[in-house]
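Down below is the structure, laid out as structure tokens.
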Amino acid sequence: MACHTCRTTLWLGKALHENYQITRFHAAVQDVPLNSGNTELNRILWKFLADHARHNIQVIVEGDQVYPEIGEYVEVGGEQYGDIPFDEYLKGWGG
């Protein structure tokens, strides 16, 4: 998910398909619950939506035309210099 206004992303995981339709996203990391059961990820998602309300937000999947562009954005939970760790992103948020 990307906010083009702020150039910020939140990786929802790999898009999983059934009959060519996206049915869910999953961060396929060992010992990680389904996204819907991941309390921390759900809190981060809700904060991301609140932080970027009224902005140009788009859910992008690999292969979309703008996919390469978001590689330059700041990632919530990313590991590159300038990204925002999950714990820092949620610090002080009451939601």
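The values are calculated or read from the model by the stated rules, or taken from the named source; none is laboratory data. In this text, all values refer to a predicted model and were calculated from it rather than measured experimentally. Every residue, glycine among them, receives a Cβ derived from its backbone with ideal geometry; neighbour counts consider all protein chains shown. Surface accessibility is based on the protein's heavy atoms, side chains included, excluding ligands, DNA and RNA. Shrake-Rupley method; radii C 1.70, N 1.55, O 1.52, S 1.80 Å.
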task: Report the charge-dipole magnitude of the chain in Debye, nearest 20, computed about the Cα centre from +1 at each Lys and Arg Cβ and -1 at each Asp and Glu Cβ.
output: 380 debye
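Can you pull the percent of the chain's accessible area that's carbon plus sulfur, 1.4 Å probe, other chains left in place? Walk me through the intermediate numbers first.
On the way: 3420 of 6850 Å².
Carbon and sulfur atoms account for 50 percent of the accessible area of the chain.
How much length, in nm to one decimal, is gained on full extension between Lys91 and Glu40, taken as 0.36 nm per residue of separation minus their Cα-Cα distance? Working shown, then result.
On the way: separation 51, 0.36 × 51 = 18.36 nm, distance 1.19 nm.
Contour length minus the Cα-Cα distance gives 17.2 nm.
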- prompt: Any idea what the relative contact order of the chain is, in percent, if you count C-alpha pairs under 8 Å spaced at least 6 apart?
  reply: 33 percent
